[in-house]
Amino acid sequence: MRPIRTILKLSINLGLLGATLLTCAVGAEWMLKWKNRCYPVQMGWVGEFQNRPSANFITDPQTGWRMRPSRSFTWTFNNETHTYTANAQGFRSTTDFHAGDPRLKLAFVGDSFTFGAGVSDDEPFPALLGADSRDRAAWNFGMPGFGVDQAWMSARYQALPMKPDLLIVGLIDIDFERSQVVFRRNEGFGKPTFRLINGRLMQRGIEVPPNFVMQYLDERSRLWSMGVRAWRAAGVKYGAGEYWTLNQAIIDAISDDCRKAGVPVLFVYIPIKGMQPFPALRNHMRQTGAAYIDLTEQHPAPPRSIYLRNDSHLSAQGHRYVADLIEKWMRSQSVFTARIQSD
């Protein structure tokens, strides 16, 4: 009888422990939801959603989406309305891009910070760098919502084939999270997404949906999201986990593509409001010898006015600040010095 009693007692204790853990988990979920913290990660799987029609953007097979060509639209952003003009190629510019342009050609890839969300057509830092000299062309391939993976695809399929003299890659920390997301719900478009398998980047195809538990955790659990965010924080600080290793491989792929194309590349880290540093990115850039500008390393520190008052995006002053940093970097490079002629 003693073994039966022992087993029964153990079963009761395990049941009580399980009930306690479940109660704590439910309580934590409720508390996080009540405080509106740790929104579910919602990384999803390839094939979960279909693209939605958009008045301002179209599907792009290489990058996910781009602007509707030869169209302008207005967005009210940060309580201000600005016009966003697309050239015939579907990129934010009032003129088309021509590979045969004899001027110094600068190509920019990135997200909404590079695109210039919240400022007018002539105010994003790519446009400013183009306007600073008559002997310079600046091509802005940046798009709202892009991740590091899409910046890579944009460089590979859009920017580098135009044979620029310099590729500038604008990065913010959220771009690294986006590399793990297969569908951008805000934009309504799917996007290219990759996995790192045996050291190689492999594009993800249509996938079998995960089981119910994993779907629930991904779509609804804020407690699970807290754990994912903790791993991401470790990636930012220590370069640990898939969040970092995946993006590190993508950054290295951008550098490799540029090296094969004979195009120098400059990476620019633009932190969102709060000036959160990215130690893993900074260390990797130093270890690989990549050309790199980090706004968190500037002395004196950038003024708060580089951001929009009620938003994390760059203000017109912020775009001017970034443009000046890139200009200063180009002037420090002998390969560009002879070709820079400022008005």
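Descriptive notes on the structure:
- None of ARG204, ARG222, ARG259 is in the same structural domain as ALA107 (by TED's automatic domain parsing), surrounded by 15 or more Cβ atoms within 10 Å (Cβ to Cβ) and of a type in the set (Lys, Arg) except ARG222.
Conditions (1) loosely packed, with under 12 Cβ neighbours inside 10 Å; (2) at pLDDT 90 or above; (3) part of a helix (DSSP H, G or I); (4) among the basic types (Lys, Arg), marked per residue:
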{"site": "THR296", "(1), (2), (3), (4)": "no, yes, yes, no"}
{"site": "SER305", "(1), (2), (3), (4)": "no, yes, yes, no"}
{"site": "SER312", "(1), (2), (3), (4)": "no, yes, no, no"}
{"site": "GLN317", "(1), (2), (3), (4)": "no, yes, yes, no"}
{"site": "VAL322", "(1), (2), (3), (4)": "no, yes, yes, no"}
{"site": "GLU327", "(1), (2), (3), (4)": "no, yes, yes, no"}
{"site": "MET330", "(1), (2), (3), (4)": "no, yes, yes, no"}
{"site": "PHE336", "(1), (2), (3), (4)": "no, no, yes, no"}
{"site": "ILE340", "(1), (2), (3), (4)": "no, no, no, no"}
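- Filtered residue count, segment 277-294, keeping only those that are surrounded by 12 or more Cβ atoms within 10 Å (Cβ to Cβ) and not in a helix (DSSP H, G or I): 7
- For segment 80-119, filtered to residues that are small (Gly, Ala, Ser) and without any contact (Cβ under 8 Å) to a residue 40 or more places away in the chain, the residue that is surrounded by the fewest Cβ atoms within 10 Å (Cβ to Cβ) is GLY100.
- Subset of segment 149-191 [over 21 Å from PHE49 (Cβ atoms) and of a type in the set (S, T, N, Q)]: SER154, GLN158
- When TRP231 is tested against (1) closer than 22 Å to LEU160 by Cα; (2) hydrophobic (A, V, I, L, M, F, W, C); (3) part of a helix (DSSP H, G or I), just one condition goes unmet, and that condition is (1).
- Count of segment 284-308 residues which are of a type outside the set (A, V, I, L, M, F, W, C), within 20 Å of the chain's Cα centre (by Cα) and more than 22 Å from SER332 (Cβ to Cβ): 1
- Failed criterion for LEU128 (all others in (1) in a helix (DSSP H, G or I); (2) in contact with a His (Cβ under 7 Å, 6 or more places away or on another chain); (3) within 23 Å of ASP60 (Cα to Cα) hold): (3)
The values are calculated or read from the model by the stated rules, or taken from the named source; none is laboratory data. Everything numeric in this text was worked out from a predicted model, so none of it was measured. Reconstructed Cβ throughout: ideal geometry from the backbone, glycine too, with neighbour counts over all protein chains shown.
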